[in-house]
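The values are calculated or read from the model by the stated rules, or taken from the named source; none is laboratory data. Values in this document were obtained by computation on a predicted structure and should not be read as measured data. Quick reminder, even Gly has a Cβ in these numbers, built from the backbone with ideal geometry, and neighbours come from all protein chains shown.
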Amino acid sequence: MIRGKVIGNLYATQKDRGLEGKKLLIVQPIGKDGSFKGRALIAVDSIGSGYDEEVILVRGKEAAFPFLPTEVPTDLGVIGIIDSVFWPEEKKQ
């Protein structure tokens, strides 16, 4: 799973039928410290997330599972909205 931040929406008038009616989001992966890392990605939203929310992303065939039995051609999907993150202090050796 990947932690990311929704930075925009993507609108496409021409797309695969499996994507009709599905919200496409531009999501920026973020690191443990909350900083952006890597390139922004396009994900299919399955839960109604929106701009500026931190989300959980899943890759691969599992990204399409929330839409079953409908077949959605995606390899990146939003499956959760993050309310808070807690990182315990690292153990000192």
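Does the range 53-67 include one or more residues that are loosely packed, with under 15 Cβ neighbours inside 10 Å, at pLDDT 90 or above and in a loop (DSSP other than H, G, I, E, B)? Scanning the range 53-67 turns up no residue that is loosely packed, with under 15 Cβ neighbours inside 10 Å, at pLDDT 90 or above and in a loop (DSSP other than H, G, I, E, B). Candidates in the range 35-45 are the residues that are of a type outside the set (D, E, K, R) and under 9 Å from the mean Cα position of the chain (by Cα); of these, the one that is farthest from residue 68 (Cα to Cα) is 41. Scanning the range 11-46 for residues that are surrounded by 12 or more Cβ atoms within 10 Å (Cβ to Cβ) and closer than 27 Å to residue 88 by Cβ turns up 27, 28, 29, 30, 36, 37. For the range 71-80, indicate whether the set of residues that are over 16 Å from residue 22 (Cβ atoms) and either in contact with a Phe, Trp or Tyr (Cβ under 9 Å, 6 or more places away or on another chain) or modelled with pLDDT of 95 or more (or both) is non-empty. Yes: the range 71-80 contains one or more residues that are over 16 Å from residue 22 (Cβ atoms) and either in contact with a Phe, Trp or Tyr (Cβ under 9 Å, 6 or more places away or on another chain) or modelled with pLDDT of 95 or more (or both). Within the range 30-47, the set of residues being assigned to a loop (DSSP other than H, G, I, E, B) and not acidic (Asp, Glu) comprises 31, 32, 34, 35, 37, 38, 39, 40, 46, 47.
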